[in-house]
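The values are calculated or read from the model by the stated rules, or taken from the named source; none is laboratory data. Note that the structure is predicted; figures quoted are calculated from it, not measured. We place every Cβ from the backbone using ideal geometry, glycine too, and count neighbours over all the protein chains shown. Note: areas computed on protein heavy atoms with side chains; ligands, DNA, RNA excluded. Shrake-Rupley method; radii C 1.70, N 1.55, O 1.52, S 1.80 Å.
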Amino acid sequence: QVQIVESGGGLVQAGGSLRLSCAASGRRVSSYGMGWFRQAPGKERDFVAGIAPSGGTTLYADSVKGRFTISRDNAKNTAYLQMNSLKPEDTAVYSCAVHWLGIATREREFDYWGQGTQVTVFS
């Protein structure tokens, strides 16, 4: 069992930055790949970024490449999503999830989920 708590969401002007945190607790958290998804109102939840257990491999959705950076600190069992050059279309609830022993991009591959944190970007 892994518990996940996201933080760092908020209201930001277009072009600004936010850093989301994903704090995980439980057994062997460092063995899980971690990922960020987002869901805008009326839309499906989409993959944003993922990172392998070691942190050595990362994946990004095309829509955020070059603007978002995922990282993790295994000593703190925490993953981060640095979001720069934010756009109104980035507005969504951002959720963190973990995937046992690897990196993944599909929602059904993830084992545990947090409740999400709201990010709102205004122009």
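What number goes with the only condition from (1) within 16 Å of the chain's Cα centre (by Cα); (2) under 16 Å from THR120 (Cα atoms); (3) without any contact (Cβ under 8 Å) to a residue 24 or more places away in the chain that GLY42 does not pass?
Condition not satisfied by GLY42: (1).
Out of the residues in the stretch 71-112 meeting the condition of being out of contact with any strand residue (DSSP E or B) (no Cβ under 9 Å at 6 or more places or on another chain) and closer than 18 Å to SER54 by Cβ, tell me which one is surrounded by the most Cβ atoms within 10 Å (Cβ to Cβ).
ASN74
From ARG27, ARG38, which residue is in contact with a strand residue (DSSP E or B) (Cβ under 7 Å, 6 or more places away or on another chain), among the charged types (D, E, K, R) and under 22 Å from TYR112 (Cβ atoms)?
On the way: ARG27 fails: in contact with a strand residue (DSSP E or B) (Cβ under 7 Å, 6 or more places away or on another chain).
Going through ARG27, ARG38 in turn, the sole match is ARG38.
In the stretch 59-67, is there at least one residue being open to solvent by 60 Å² or more (accessible area, probe 1.4 Å), without any contact (Cβ under 8 Å) to a residue 24 or more places away in the chain and of a type in the set (A, V, I, L, M)?
No, the stretch 59-67 has no match at all.
With ARG72, ARG27, ARG108, ARG67 as the choices, which residue is of a type in the set (Lys, Arg) and under 30 Å from SER123 (Cβ atoms)? I'd like the intermediate steps shown before the answer.
On the way: ARG72 fails: under 30 Å from SER123 (Cβ atoms); ARG27 fails: under 30 Å from SER123 (Cβ atoms); ARG108 fails: under 30 Å from SER123 (Cβ atoms).
Of the residues listed, the single one that is of a type in the set (Lys, Arg) and under 30 Å from SER123 (Cβ atoms) is ARG67.
Name the single residue that is most open to solvent (accessible area, probe 1.4 Å) among those in the stretch 6-36 being under 12 Å from THR91 (Cα atoms) and out of contact with any Gly (no Cβ under 9 Å at 6 or more places or on another chain).
LEU11
Determine whether TYR60 is out of contact with any Lys or Arg (no Cβ under 7 Å at 6 or more places or on another chain) and among the aromatic types (Phe, Trp, Tyr).
Values: out of contact with any Lys or Arg (no Cβ under 7 Å at 6 or more places or on another chain): yes; among the aromatic types (Phe, Trp, Tyr): yes.
Against the criterion (out of contact with any Lys or Arg (no Cβ under 7 Å at 6 or more places or on another chain) and among the aromatic types (Phe, Trp, Tyr)), TYR60 qualifies.
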